Amino acid sequence: IAAGNGVNTIAFFGQTVSEYGFTPIGNVEIIEPEVELSCRPCGHLGHDNCPKKHHYCMETMSLEKIVNKIKKFIK
């Protein structure tokens, strides 16, 4: 909804990947895990719970990278 209204958007892709086509349109920054994971993607829409019980796809996203992308949009 935000991207459709021209608002800068940050999209997080943990369990799924942006190549599946769910990337918002417009001025979008994509954040994905910093490491390659053999279990990723685990589904085209992700899951409520991690099938491997570890959620490395979300836990390995760099907080510094997230903050820097937010700062980029605030300026």
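The values are calculated or read from the model by the stated rules, or taken from the named source; none is laboratory data. Bear in mind the structure is a predicted one, so any value in this text is a computation, not a measurement. Every residue, glycine as well, gets a Cβ built from its backbone with ideal geometry; the counts of neighbours run over all protein chains shown. Surface areas here come from the heavy atoms of the whole protein model, side chains and all, with no ligands, DNA or RNA. Shrake-Rupley method; radii C 1.70, N 1.55, O 1.52, S 1.80 Å.
Considered as a group, the residues in the stretch 44-59 that are open to solvent by less than 50 Å² (accessible area, probe 1.4 Å) and under 12 Å from residue 12 (Cβ atoms) include one that is nearest to the chain's Cα centre (by Cα), and that residue is 57. Against the numbered list (1) part of a loop (DSSP other than H, G, I, E, B); (2) at pLDDT 85 or above, residue 46 comes up short only at (2).
Return yes when residue 19 is outside any loop (DSSP other than H, G, I, E, B), open to solvent by 100 Å² or more (accessible area, probe 1.4 Å) and modelled with pLDDT of 90 or more and no when it is not. Here the answer is no, as residue 19 does not meet what is asked. Filtered by the rule that a residue be of a type in the set (Ser, Thr, Tyr) and assigned to a strand (DSSP E or B), the stretch 1-16 gives a lone residue, 9.
Among residues of the stretch 23-43 being more than 25 Å from residue 74 (Cβ to Cβ) and either free of Cβ contacts under 8 Å to residues at least 24 places away in the same chain or in contact with a Ser or Thr (Cβ under 6 Å, 6 or more places away or on another chain) (or both), the one that is surrounded by the fewest Cβ atoms within 10 Å (Cβ to Cβ) is 38.
Can you confirm whether the stretch 55-67 contains a residue that is without any contact (Cβ under 8 Å) to a residue 12 or more places away in the chain and not in a helix (DSSP H, G or I)? Scanning the stretch 55-67, I find no residue that is without any contact (Cβ under 8 Å) to a residue 12 or more places away in the chain and not in a helix (DSSP H, G or I), so the answer is no.
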